[in-house]
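Asker: Provided herewith is a single structure, encoded as C-alpha cells, for subsequent inquiry.
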Amino acid sequence: MADIGANGDRENFKVVGGQGNPPGVVSYAMATGLAKYGVDYVLPNMLHAKFLHSPYANAKVAGINDAKARALSGVVDILTWEDEDIRDLVPRCFDFLSDRPWLDNIADRSGAEVAAIVVAEDEETCEEALRLLEIEWEMLPHVTDLREGNKLGAPVVRPGEDAKPTFWNYLSAEGQPPKRGNTYTVVDIRGDVCEAFGEAENLIEYDLRLPPFATRSPNPLASVAWWEKHPYTGEEPNLYIEGSVRWRDALSLTYKMPMEKIYMEGLFMGGKYCDWSLRRCQEVTPLLAKRYGRPVRCADRREHMYDFLMNERFIQMKVAFTKDGLITAIDDYSLCDKGGRGSAPFGHVGDLSQGPYKTTKCKSVRQKMEVVDSNRGVMWLSGQHCPFNWDTITTGIYIIAEQLGKDPIDIARLNLHGPTSPDDTNPVPSFDKCVEAGKKLMDWNWHPSGAKQLEDGRMHGACFRYQMTPRHSMKERHSKLEYRDGVVHMPSRGPIIGTYAVEANAMVVAEELGIPYEDVSIDFDAVAAHCIYGGGSDGTVGPAWAMKECVQILKELLKEAAIDYAENPGKPNSSFHNVGQHFPTPGPFRGCGPEELEVADGRVFLKSEPSKGILISEVTHKNIVATHSAWPPPGVWVTGNMGEILDLMNTEYCEVAVDAETGEVEILRFGIAADVGKILRRTSLESQIDQAVFFSQGCQQFEDMFYDPKTGVLLNTNMADYKVPGMLDVPIVEKSILETRAGNGVYGANGMSHCITNTNMLIIAIHNAAGVWVEPPATPDKVLKALGKA
Amino acid sequence: MPETIELNINGIAKQLDAAPNRTLHDALQYQMGLTGAKHMCDRGACGSCTVIMDGRPVLSCSILVCECEGKAIETIEGIAADPKWKPLVDAYCKWDAMQCGYCTPGFLTTAKALIDRSPNPSEQDCREALAGNICMCGTYPRHATAILEAARNMNSEGGGLNG
Ligand code: FES
Ligand code: FES
C-alpha cells in the first residue's frame, strides 16, 4: 500500500469483501425483467429506421434506385450517404474510429452499414424496403485470409490509405516504414537481440494462432431518440435518447448539443465487455427524430453484431534460454489483423509495450508486427486478453519446461524479475503466494507430455499460466455524497454493465460510515458526475478509491453539522412548511470542536466518551453535500510501466482429458489462484473469473469465424452457427483468492479485469496430454487429425 | 385467420392483435409493454425470450401470436409479482447469477418452470433444464446454486411449492 496512503488503512471490514453478498441494487431489476435496455424501449408514434448492410466483403455502392422502396406503403424516407446531415456526422467515441466515415458508399466487410437508411412505420416495412432497393454494387477485391493478404502482389484492399497504426502515447507513426501492399510493419526492439541469440545455449521455435472471437453483446444494440422542448423554459429542444448508455459526451459532440440538454433514463448497458463504442444504430436516431418530428428507433439484428472482441493473429516465436531455463532472448513475429476501417489498435500494435515480456528478466526482446488491412471485421475497442497477449510466454515456458524436464511453475519463477523493477532480482511474493495456493487447490503434480493416463483410458494434461493483476485507474474521478433526511445518497450515472462496480463503490461508503450497505441509497441518474468509466476493474478500484476520500469529507461535514445542530437545533416553524420533516434530538455536542468527535459504526460520538453519541441518521435535519475530485493513484496505463512493477499476480491452472479415440477434449477443471489485493464485492469477482474462463474456453473449444474464401463473407453470423459455451459445456472453476493489499486501488485492491482470459491454455494442456499441437478451437476433428487419425 | 385472439397473460384475460407474422415476443413488447422476455438470437437458439405457456417453457421469438389462442402465458413480470416466487428472485440476486442481466429473466423463467415440475431438483436437473439458455456473460456456474437454494427455501417455508 505504498502509494495509496490512508486510503488503504482499514483493517476490519464488515461490508466490503465479506462472504455474504449484499443484494445488488440493480440485481432485482435485472432478475425480474424490469431492467430496460435500448432495444426494449417503445414509444407512441415511433418510427423505425434500418441501415442497409453489405452482403459483400468489400464493395462500393455505385448507385441506388429507391423508387420501388419509396412506393411501399409505410415507408417514410430513404436517406443515403450523400445526405448533407449524414455527411456532417463524425464518429466521436474513440479517435481511432474516425478514420472510417460515419457512413459512405464503401462497405469494407460483410454486414457493414453502407450507403442507405430506410425510415418506415414499422420494422417489417423497413426490411421490405431494403429488399426493394435496387443497388448497383461494384465489387472490390477483399482480404479475409491474412497470410494471403500479406503476400507481395496480393490485391490491395484500401489503396491510397496509409494511416500508420498508432497507440496513444505508446507508439507514434513517426519512423514507421511505409506501407507495403496491405501491410504495415512495426518493430519494437529492446537490447541487443542479435548478440543474445548468438550466445544462446538453447533455442526453441514455435508457432501460435490467436483465435479471433466475437463480441459479447447479448442485447441487440439499439437506440430510441426523441426531442422535446425544455419543460420549463420552452426553449430549444432537449434530446432524449435510450440505448446509447454512457455516451452523452460523444452525442454532445456529434450533435453539437450541450451535455446538460441530453437525457437518458436507462443505464443498463448489456454485456459490452471492453467494447464500449457506439454503433451507428446508437447514433443515428437523434438526427432522424429531429427531421421527422417523431421518436425513432433503430436496432441492429444479431447477424450484424459479429464484430471482434479479439482479432486473429499468427505468431512465430524464437526463444533462447539457458540450461536452467532462464530466457535470454525473445524474437516475436506476428501477422496481425488490422481489421476494417475504424478498428482499434488493441489486438495488434497495442500489445507491443503491454505484453508479458517486461515481467521477465530477459532484456533482449524483438517484436515485429506485420499488420494487414483486411475485410474480416471491426474491433471496436479492446481485446479480452487483458493485459494483452500473454499466451506467447505461457507457451514458451511450457516448451522450455518440457525440454528440461521441469515444472513450468519453476521456469516461470526463475524468469520473473523482482517486484519493484526490472532490475530487482528478488522473488515476487505475490507470485509465490499464488503458486502455493494454486498447487494446493489443484493437487498440482506436474508430469511431462503423454505421461499420464486416467483410469478411463483418456490422456491427462495440464497447463500453468501466470499473469499480473494489473494496476487500474486511468482518469480523474468525481464523487459526490449527499446527506438528506438522514440518508446517505450516492448519485451515479453508472453505466450498469454488471452488478459490481457501482455497488462496490456504495459498499465502500457503507464500510467507512459503519452503516448497513442497504442504507446507502444509490441514486442512478444519467447526469450525475460519478461514473464507472472503464467498466469492471477500472470502474471499481479507481472510483472506489476516490469515493473513499469523499466519505472522509462527508465525515468531517457530519461532525460539524452535528455540533451546529446541537447548538442550534432545528424546530418546526409552522406545521404547514415542515410537514414530513424529521427534527432529530440533538446530540451531546454543544461547545465541542470537530476534532473531539468521531464518525464510525453508524454513529457520531465523542472520542473521549464513545457511549455519548447519536446515529448518523440523526445528525441534523439539514442537507449536507460532500464532493471530491481527484486522480486516484494511476494505473499502469497511465504510468506506462506495464509489467515492471509486480505487486499483485495471479496464476491459472487447467486440467484436461483427451480421448484419443474420439478426439474429444474435456476440461476437467480450471483453477484460479489470484491475488487481487482486496476483494471488494466477492460474488462479482467470482463471477468475473467465471466469465474470463468462459471466454477462454469458448475461443479454444468452440468459437471461430468462418469466411467464404471466394466471397470473403462471414458465414456464421447467428447463435446457432456461432457456438459459445452453454450450461452443459462449462467446466468447474476452482478459486483461491488472496488479499495481500499491495495494489493501488481502494484498500490496496487492483483490478482483476479479464487478465485471466487466455487463448492457449487448453491447447497447451492438450499437448501435455497427447503430445500434439492443435490449432484453436480444438474441435474433435482437429484433435484426431493432429493425432494422425483423421 | 381471426384478427385478434384471446389469451391469458399473467392471470389476466387479454386480446392481442394476431397479424399472421407477429411473434408472441413482439406482441408482448409492442402491445403489452412487457419487455422482460428479451430478444437475443431471434431464432430459438438462446432462451432469453422464454415465457411459460400452459406450464411449459417456450421461446416467444419462435411462436406466433396466432398460435396462442386460449393459452395461459406467464412472463417474468408475472412471476416476479407473485410472492410465491420471491425466494427464487431473492436467490438469484443473492448469488449474483447475473452480470449484465440481459439473459437473466429467461434463465429465471426456465428455472421457475423447472421448480414447478420438480420441486426438489438436483444440481444436474438445474443444469439440464437451463441447457437451452445462453448467457453471453458466462454466469452459468451460479444458476444451480441459486435455484437449489430457492427450492430449499420454498420447501421449508411450507406450502410454497406443494401447497
Ligand atoms: S430470442 Fe428467442 S430463443 Fe433467442
Ligand atoms: S448476464 Fe449478460 S447475458 Fe447473461
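The values are calculated or read from the model by the stated rules, or taken from the named source; none is laboratory data. The shown structure was predicted, so the numbers you read here are calculated from the model rather than taken from an experiment. All Cβ positions, glycine included, derive from the backbone under ideal geometry; neighbour counts span all protein chains shown.
Asker: Would you list the strands (runs of 3 or more DSSP E) that sit entirely within region A:121-211 and hold 1 or more residues that are in contact with a Pro (Cβ under 6 Å, 6 or more places away or on another chain)?
Answerer: So the answer is A:183-190.
Asker: Next question, about the same structure. Looking at region B:31-51, which of its residues are free of Cβ contacts under 8 Å to residues at least 24 places away in the same chain and near ligand 1 (Cβ under 6 Å from one of its atoms)?
Answerer: Within region B:31-51, B:His39, B:Asp42, B:Gly44 meet the criteria.
Asker: Only one of (1) away from chain B (no Cβ under 14 Å); (2) without any contact (Cβ under 8 Å) to a residue 60 or more places away in the chain is not met by A:Val665, so which one is it?
Answerer: For A:Val665, the exception is condition (2).
Asker: Is it the case that some residue within region B:104-111 is facing chain A (nearest Cβ under 10 Å), part of a helix (DSSP H, G or I), more than 27 Å from B:Gly33 (Cβ to Cβ) and among the polar types (S, T, N, Q)?
Answerer: no
Asker: State which residue pairs qualify: first residue within 14 Å of another protein chain (Cβ to nearest Cβ) and inside region A:254-272, second residue in a strand (DSSP E or B) and within 16 Å of ligand 2 (Cβ to nearest atom) in any location, beta carbons under 8 Å apart, and separation of 6 or more residues or different chains.
Answerer: Filtered contacts from region A:254-272: A:Leu267/A:Ile496; A:Phe268/A:Ile496; A:Met269/A:Ile496.
Asker: Only one of B:Gly70, B:Gly78 is at positive phi and away from ligand 2 (no atom under 16 Å from the Cβ). Can you tell me which?
Answerer: After ruling out the rest, the residue left standing is B:Gly70.
Asker: Which of the residues that make up region A:93-110 are at pLDDT 90 or above and in contact with a Pro (Cβ under 8 Å, 6 or more places away or on another chain)?
Answerer: A:Trp102, A:Ser110
Asker: Same structure, new question: Please find, within region A:28-50, the residue that is farthest from B:Met32 (Cα to Cα) out of those that are facing chain B (nearest Cβ under 7 Å) and outside any loop (DSSP other than H, G, I, E, B).
Answerer: A:Tyr28
Asker: Please tell me if B:Thr109 is surrounded by 24 or more Cβ atoms within 10 Å (Cβ to Cβ), more than 13 Å from ligand 2 (Cβ to nearest atom) and not assigned by TED's automatic domain parsing to the domain that holds B:Arg56.
Answerer: For B:Thr109, the condition - surrounded by 24 or more Cβ atoms within 10 Å (Cβ to Cβ), more than 13 Å from ligand 2 (Cβ to nearest atom) and not assigned by TED's automatic domain parsing to the domain that holds B:Arg56 - is met.
Asker: Output the residue which, of all residues in region B:80-103 that are more than 16 Å from ligand 1 (Cβ to nearest atom) and touching a Pro at 6+ places or on another chain (Cβ under 7 Å), is nearest to the other protein chains (Cβ to nearest Cβ).
Answerer: B:Cys93
Asker: Pairs, please: C-beta under 7 Å, at least 6 apart or cross-chain, first residue touching a residue at least 40 places away in the same chain (Cβ under 8 Å) and in region B:85-101, second among the basic types (Lys, Arg)?
Answerer: B:Leu88/B:Lys112; B:Trp95/B:Arg142; B:Asp96/B:Arg142; B:Ala97/B:Arg142
Asker: Please verify whether region A:247-256 includes one or more residues that are within 16 Å of ligand 2 (Cβ to nearest atom), surrounded by 22 or more Cβ atoms within 10 Å (Cβ to Cβ) and under 11 Å from A:Pro495 (Cα atoms).
Answerer: Scanning region A:247-256, I find no residue that is within 16 Å of ligand 2 (Cβ to nearest atom), surrounded by 22 or more Cβ atoms within 10 Å (Cβ to Cβ) and under 11 Å from A:Pro495 (Cα atoms), so the answer is no.
Asker: Here is a follow-up. Please find, within region A:717-728, the residue that is farthest from ligand 1 (Cβ to nearest atom) out of those that are within 24 Å of the chain's Cα centre (by Cα) and within 30 Å of A:Asp145 (Cα to Cα).
Answerer: Top of the filtered list is A:Pro725.
Asker: Please specify each residue of region A:761-774 satisfying the condition of being touching a helix residue (DSSP H, G or I) at 6+ places or on another chain (Cβ under 8 Å) and either farther than 24 Å from A:Leu685 by Cβ or not assigned by TED's automatic domain parsing to the domain that holds A:Met468 (or both).
Answerer: A:Ile763, A:Ile764, A:Ile766, A:His767, A:Asn768, A:Ala770, A:Val772, A:Trp773, A:Val774
Asker: Would you point out which residue out of A:Leu309, A:Leu335, A:Leu326, A:Leu352 is in contact with a Ser or Thr (Cβ under 6 Å, 6 or more places away or on another chain) and on the phi < 0 side of the Ramachandran plot?
Answerer: A:Leu309
Asker: A further question follows. Determine whether B:Gly101 is touching a helix residue (DSSP H, G or I) at 6+ places or on another chain (Cβ under 8 Å), within 15 Å of ligand 2 (Cβ to nearest atom) and either within 27 Å of B:Leu148 (Cβ to Cβ) or in the same structural domain as B:Arg142 (by TED's automatic domain parsing) (or both).
Answerer: Criteria met by B:Gly101.
Asker: Looking at B:Ala13, B:Ala37, can you tell me which residue is of a type in the set (A, V, I, L, M) and within 16 Å of ligand 2 (Cβ to nearest atom)?
Answerer: Just one listed residue meets the conditions, B:Ala37.
Asker: Mind listing whichever residues of region A:146-177 are modelled with pLDDT under 95 and small (Gly, Ala, Ser)?
Answerer: Across region A:146-177, the qualifying residues are A:Gly160, A:Ala163, A:Ser172, A:Ala173, A:Gly175.
Asker: Right, something else. Can we say A:Ala320 is farther than 30 Å from A:Ala163 by Cβ and surrounded by fewer than 24 Cβ atoms within 10 Å (Cβ to Cβ)?
Answerer: yes
Asker: Now a separate question. Hey, could you check region B:139-156 for residues that are free of Cβ contacts under 8 Å to residues at least 24 places away in the same chain and within 19 Å of A:Asp690 (Cα to Cα) and say which is farthest from the other protein chains (Cβ to nearest Cβ)?
Answerer: My answer is B:Ala144.
Asker: Looking only at region B:112-140, how many residues end up being within 16 Å of ligand 2 (Cβ to nearest atom) and assigned to a loop (DSSP other than H, G, I, E, B)?
Answerer: 10
Asker: Select the strands (runs of 3 or more DSSP E) contained entirely in region B:1-79, then report the ones holding at least 2 residues which are within 12 Å of chain A (Cβ to nearest Cβ) and either acidic (Asp, Glu) or surrounded by 21 or more Cβ atoms within 10 Å (Cβ to Cβ) (or both).
Answerer: Counting at least 2 such residues, we get B:50-53.
Asker: Is it the case that A:Gly234 is surrounded by fewer than 23 Cβ atoms within 10 Å (Cβ to Cβ), under 28 Å from the mean Cα position of the chain (by Cα) and in a loop (DSSP other than H, G, I, E, B)?
Answerer: no
Asker: Given A:Val25, A:Val75, A:Val90, which one is within 27 Å of A:Tyr255 (Cβ to Cβ) and buried (at least 16 other Cβ atoms within 10 Å of the Cβ)?
Answerer: Going through A:Val25, A:Val75, A:Val90 in turn, the sole match is A:Val75.
Asker: So, in region A:13-27, exactly how many residues are within 16 Å of ligand 2 (Cβ to nearest atom), part of a loop (DSSP other than H, G, I, E, B) and not β-branched (Val, Ile, Thr)?
Answerer: 2
Asker: Hey, another quick one. Here are some conditions: (1) of a type outside the set (A, V, I, L, M); (2) touching a strand residue (DSSP E or B) at 6+ places or on another chain (Cβ under 8 Å); (3) within 14 Å of chain B (Cβ to nearest Cβ); (4) closer than 25 Å to A:Trp444 by Cα. A:Asn650 meets all but one. Which one does it not meet?
Answerer: It is condition (3) that A:Asn650 fails.
Asker: Hey, among the residues in region A:27-43 that are touching a Pro at 6+ places or on another chain (Cβ under 8 Å) and over 25 Å from B:Trp95 (Cβ atoms), which one's farthest from ligand 1 (Cβ to nearest atom)?
Answerer: If we take residues in region A:27-43 being touching a Pro at 6+ places or on another chain (Cβ under 8 Å) and over 25 Å from B:Trp95 (Cβ atoms), then A:Leu43 is farthest from ligand 1 (Cβ to nearest atom).
Asker: Determine which member of the set A:Arg10, A:Arg92, A:Arg70 is in a loop (DSSP other than H, G, I, E, B) and more than 27 Å from A:Val157 (Cβ to Cβ).
Answerer: A:Arg10
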